[in-house]
Amino acid sequence: MFVNKPQDMLKEYQKTSVNAELAMADPYTITKALFQGVFERLGQAKGAIARGDLEEKAKKLASASAIIQHLKDTLDPTQAPEIAKNLAFIYDFMLAKIADATMQVSAQPIDDALKVFMPIKNAWDSIPQSAIKEAESKMRANNQHFQHNYDPSKNLVDGAI
C-alpha cells in the first residue's frame, strides 16, 4: 500500500509496531492489549454516536465485536471451567449489547456492555507482575510453553481478527 500523507504514515507505523510487539508477547500481554482494544473501540463508538458519525460508530462496534468474539473463542474451559463459563456469559452479553447499539443511535447499550466489562479489565490490569512471573516460571518448570494464536496477518490492530 502506498501511503503519502504524514498522518497515514504514522498510522501505518503504529499498526506495524503494535503487531510486532504482539507477535512476541506472552498471553497476559496479549489479553491486556485485547481488553484495552475493546475499551477503546467502545469509547470511540460512543464518541461517534455523540458526533452523529454513524459510519464510524459501525466500524468501531464491528471491531469491538470481533475482539470480544476472539476473546470468547480462546477461552480454555479445561483450565478453569467456572471462570470460562462466566466469561463466555459476559462476552455473550456484551456482544448482544453491541448488536443493540448497532441498531440504535444510543450509547446506552454500549454503557451496559462497559459496565460488565470494566471489572474484568480492571482485575486483569491489577495482576501484580510477581504473579505473572510466577505463572511463567511454573509453566516453564512443567515443560509447558506459552501458546497463543496471535497472527499479525489478521490485522488485530484494526480489529479484523
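Here, each number is a calculation from the coordinates, and none is a lab measurement. Here the structure is a predicted model, which means the values were calculated and not measured. FYI the Cβ positions are ideal-geometry reconstructions off the backbone, even for glycines, and counts take in every protein chain you see.
List of remarks:
- Lys5/Leu87 FRET efficiency (R0 35 Å; Cβ-Cβ; nearest 0.05): 0.30
- Relative contact order for segment 18-113, counting Cα pairs under 8 Å that sit 6 or more residues apart, in percent: 23 percent
- Contour minus Cα-Cα distance for Leu95 and Ala80 (0.36 nm per residue): 3.2 nm
- Simple label model, 7 Å out from Cα along Cβ direction - Ser137 to Thr29, nm: 2.0 nm
- Distance violations [Cα-Cα > 25 Å] among Lys46/Lys133; Lys115/Lys138; Lys57/Lys85; Lys32/Lys85: Lys46/Lys133; Lys115/Lys138; Lys57/Lys85
- Paired Rg and Dmax values of segment 20-81, which use every Cα atom, in angstrom: 14.1, 44
- At R0 = 30 Å, FRET efficiency that the Cβ-Cβ distance of Asn122 and Glu55 yields, to 0.05: 0.45
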